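Chemist: Take a look at the following structure, please.
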There are 2 protein chains.
Amino acid sequence: MSLDPAAAAALPRVKVVGTGLLGASIGLGLTAGGAGVVLADPSPTALALATDLGAGSVFAPAARDADDIGLVVVAAPPDVTAGAVLAELAAHPGATVTDVASVKSGILAEVAARGGDLSRYVGGHPMAGRERSGPVAARGDLFIGRPWVVCAGAKADGERVDVVRRLALALGATPVVMDAREHDASVAVVSHAPQVAASLVAARLRQAPKRAVELAGQGLRDVTRIASSDPLLWAQILAANAGPVLDVLRALRSDLEGVISGLESIAEEGGDGPAPGARAAVARVVADGNLGRELIPGKHGGQATRYAVVTVVVPDAPGSLARLFADIGDAGVNVEELGLEHAPGRAVGLVEVSVLPPVRERLEAALAAAGWRVVA
Amino acid sequence: MSLDPAAAAALPRVKVVGTGLLGASIGLGLTAGGAGVVLADPSPTALALATDLGAGSVFAPAARDADDIGLVVVAAPPDVTAGAVLAELAAHPGATVTDVASVKSGILAEVAARGGDLSRYVGGHPMAGRERSGPVAARGDLFIGRPWVVCAGAKADGERVDVVRRLALALGATPVVMDAREHDASVAVVSHAPQVAASLVAARLRQAPKRAVELAGQGLRDVTRIASSDPLLWAQILAANAGPVLDVLRALRSDLEGVISGLESIAEEGGDGPAPGARAAVARVVADGNLGRELIPGKHGGQATRYAVVTVVVPDAPGSLARLFADIGDAGVNVEELGLEHAPGRAVGLVEVSVLPPVRERLEAALAAAGWRVVA
């Protein structure tokens, strides 16, 4: 998957309102594809940064820009999105208006309640983001290969829905058309409840025995990675999707009660009684997790490329990585992803080099020949 | 960070009881280091496979082997470990006996209750594993750079504790000495409760709207990766550590109640009332997660070091990383962590280089002088 310049060039002139991570990334991707993009942001600093980065030119309300806009993308914080959508519908009476907020029913309801033109508003939600925010973190390829939910309300014009679909395609994303209610229930379970769970697990570390975190492994790092997210943004998102998130969290609480009850039965028996039912209840939660985990697409979905990982032991000293990457370059191999694994208490690191699967063996042989210790 | 052949060669003759993933990996690593290793397993097939792989030779009870063993490593399933430890203490009256089970207090208590020699038993827990199991998945380098908890009971002989420490060092692991209670409380919070949380989140996907999983992103994949774990093994582990796991899960439940109450207040007001206290409660959980997440150690163990991150734009071509790290090395700067933002279909990547804060400016200047584009 990649940016689609043909789709970008076929878009009407686009106004992006809000030049944070998502808005600036949309501007960068569309501009790269040849679309005409103008930018607006209440912060002059953010706006100047986004134009400097090449995300588009500054929107000039007095110029022909105002009449010329065919598509407005509102990329504002969730709690001001509906107001911005209404303002843009009014400012550009011929334009299709979409947004990128991560909860959709409330915005649609507010736009409807305040008399917005529902034939021209088509909500959107690109399933992409980064831990970092702001235009500096923006990338034109942020949406490549990601789902982009297009929420067509019942009154939305078919052609307007199609423009938003083509916006997603221009940015290399995969449009997924669903209604706002289905979207909100879906993100509650695949995004919002997992965020709460990750935060709850990470928060427990604050009361852990002092040296517990020395034993942290990759499992804990994975479970808690998204716990680094922005609290204020997430309070907005969770509040905006309170109903669907509650449905998931209450069910999760009920499952958690089952685990706790099972473990209480086991603990009462001193840990070595039979308690077959209690043990089965505990095993069932893990088994149910297996089944749920298997539903996640990806391994055979073809959307995400699977790389082969070559792990190399590297002395923790200036110049080591230079030598390693010189040897990788000499082998003519391109690095797709890389990471340096923490080595608690050791002045050495494990570098994980992700490469396309066909070149894995060649790289391993080349590195071994060059004297590197490759962990099989 | 590597296997330590000197430490391996200095070990007494080692008997490994149980030739699954951990036992066979221990045998492979010690044999590679020059230690004398004999293997035992109730399954003749597993035993033959482990010896074929080079993990050691078959233990012969009738031969001189029996008198000659200085260290026994019990690598059996958790629920039969205590029994195996007792049997080995009896069978080898001069040997130190250790194990690799992931819960320690219960085993120590059972060995004590059944009259085992506590001066010679020193529990252990290497914090390593793979998603795959069995001797076929075994690797002599499985433990390199990982913590290896050494649980010295109050009655354990100092020299016996040292032998188990040297076992860990021989395999390239980092020994962490703590008592069984601290160990069990620690793994409850860094491993067992996160496993339950990951399973609970993944299990919710089974009741999700049909197309919800189409929207799954990397966050969900990360949170639920360990939800693919073996239910029977985990039922054993959680049951064996029921008390400490309950402490964590009850606290987590209490935090979850807080989120649910907050969202209920918000939902009752239709999502757009002020509810400042409720929103603050929701934000606080995410903020507490931020703080907990920051406790997870970075390199060199101990508390997480805050590194300064220098982000560099790098052409996506063989040799680019080599040039970059050569320039970093020329600047005399050591890289603490690094990451590559991979951008499919894009001509450049972003390399994030983490360095100690005092050298950040110098590195940025050196890279800019060398012609690199450093992202502010």
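The values are calculated or read from the model by the stated rules, or taken from the named source; none is laboratory data. This structure is a prediction, so every number in the text was calculated from the model and none was measured. Using ideal geometry, Cβ is built from the backbone for each residue, glycine included, and neighbour counts are taken over all protein chains shown.
Chemist: Any chance you could count how many residues in segment A:112-126 are in a helix (DSSP H, G or I) and either closer than 20 Å to A:Ala185 by Cα or in contact (Cβ under 8 Å) with a residue 60 or more places away in the chain (or both)?
Modeler: 0
Chemist: Which pairs have Cβ atoms under 6 Å, sit 6 or more apart or on different chains, and link a residue in segment B:1-22 that is more than 17 Å from B:Gly94 (Cβ to Cβ) to one that is polar (S, T, N, Q) and surrounded by fewer than 19 Cβ atoms within 10 Å (Cβ to Cβ)?
Modeler: From residues that are more than 17 Å from B:Gly94 (Cβ to Cβ), the pairs are B:Leu21/B:Ser133.
Chemist: Can you pull out the residues in segment A:103-115 that are within 11 Å of chain B (Cβ to nearest Cβ) and surrounded by fewer than 24 Cβ atoms within 10 Å (Cβ to Cβ)?
Modeler: Across segment A:103-115, the qualifying residues are A:Ser105, A:Gly106, A:Ala109, A:Glu110, A:Ala113.
Chemist: On the given criteria, is A:Ala35 under 20 Å from A:Trp148 (Cβ atoms) and not β-branched (Val, Ile, Thr)?
Modeler: In short, yes.
Chemist: Right, something else. What do you reckon, is B:Ala240 out of contact with any strand residue (DSSP E or B) (no Cβ under 7 Å at 6 or more places or on another chain), within 25 Å of A:Val196 (Cβ to Cβ), among the small types (Gly, Ala, Ser) and modelled with pLDDT of 85 or more?
Modeler: no
Chemist: List the residue pairs whose Cβ atoms are under 9 Å apart, where the first residue sits in segment B:282-297 and is more than 19 Å from A:Val213 (Cβ to Cβ) and crowded, with 17+ Cβ neighbours inside 10 Å, the second is small (Gly, Ala, Ser) and modelled with pLDDT under 90, and the two are 6 or more positions apart or on different chains.
Modeler: Listed by first residue and then by second, the contacts come to B:Val286/A:Ser229.
Chemist: Condition test on A:Gly129, is it of a type in the set (Gly, Ala, Ser), within 11 Å of chain B (Cβ to nearest Cβ) and under 21 Å from A:Arg166 (Cα atoms)?
Modeler: yes
Chemist: Wholly within segment B:1-104, which strands (runs of 3 or more DSSP E) include no fewer than the required count, namely at least 2 residues that are within 22 Å of B:Ala156 (Cβ to Cβ) and aliphatic (A, V, I, L, M)?
Modeler: The strands (runs of 3 or more DSSP E) meeting that bar are B:14-17, B:71-74.
Chemist: Those residues that are buried (at least 24 other Cβ atoms within 10 Å of the Cβ) and facing chain B (nearest Cβ under 7 Å), I need them from segment A:260-271; list them, please.
Modeler: The answer is A:Leu263, A:Ile266.
Chemist: Give A:Val72, A:Val97 a once-over and let me know the one that is in contact with a Phe, Trp or Tyr (Cβ under 6 Å, 6 or more places away or on another chain) and either of a type in the set (A, V, I, L, M) or not assigned by TED's automatic domain parsing to the domain that holds A:Trp234 (or both).
Modeler: Of A:Val72, A:Val97, the one residue that is in contact with a Phe, Trp or Tyr (Cβ under 6 Å, 6 or more places away or on another chain) and either of a type in the set (A, V, I, L, M) or not assigned by TED's automatic domain parsing to the domain that holds A:Trp234 (or both) is A:Val97.
Chemist: Of all residues being of a type outside the set (Val, Ile, Thr) and touching a strand residue (DSSP E or B) at 6+ places or on another chain (Cβ under 8 Å) in segment B:187-216, which is farthest from B:Cys151 (Cα to Cα)? Just the residue, please.
Modeler: B:Arg211
Chemist: For segment A:333-373, enumerate the residues that are modelled with pLDDT of 80 or more, assigned to a strand (DSSP E or B), closer than 15 Å to B:Leu340 by Cα and facing chain B (nearest Cβ under 10 Å).
Modeler: Result: A:Val351, A:Val353, A:Ser354.
Chemist: Here is a further query. If the requirement is being within 30 Å of A:Leu47 (Cα to Cα), outside the structural domain of A:Ala35 (by TED's automatic domain parsing) and either surrounded by 24 or more Cβ atoms within 10 Å (Cβ to Cβ) or hydroxyl-bearing (Ser, Thr, Tyr) (or both), which of these qualifies: A:Ser133, A:Ser119, A:Ser191?
Modeler: A:Ser191
Chemist: Condition first: assigned to a helix (DSSP H, G or I), more than 10 Å from chain A (Cβ to nearest Cβ) and in contact (Cβ under 8 Å) with a residue 60 or more places away in the chain. Can you find one or more residues in segment B:142-152 that meet it?
Modeler: Looking through segment B:142-152, none of the residues is assigned to a helix (DSSP H, G or I), more than 10 Å from chain A (Cβ to nearest Cβ) and in contact (Cβ under 8 Å) with a residue 60 or more places away in the chain.
Chemist: A:Leu21 is checked against (1) away from every other protein chain (no Cβ under 14 Å); (2) within 27 Å of A:Ile107 (Cα to Cα) and fails just one. What number does that condition carry?
Modeler: Result: A:Leu21 fails condition (1) only.
Chemist: In segment A:6-16, is there at least one residue being among the basic types (Lys, Arg) and either in contact with a Leu (Cβ under 7 Å, 6 or more places away or on another chain) or surrounded by fewer than 16 Cβ atoms within 10 Å (Cβ to Cβ) (or both)?
Modeler: Looking for residues that are among the basic types (Lys, Arg) and either in contact with a Leu (Cβ under 7 Å, 6 or more places away or on another chain) or surrounded by fewer than 16 Cβ atoms within 10 Å (Cβ to Cβ) (or both), one finds none in segment A:6-16, hence no.
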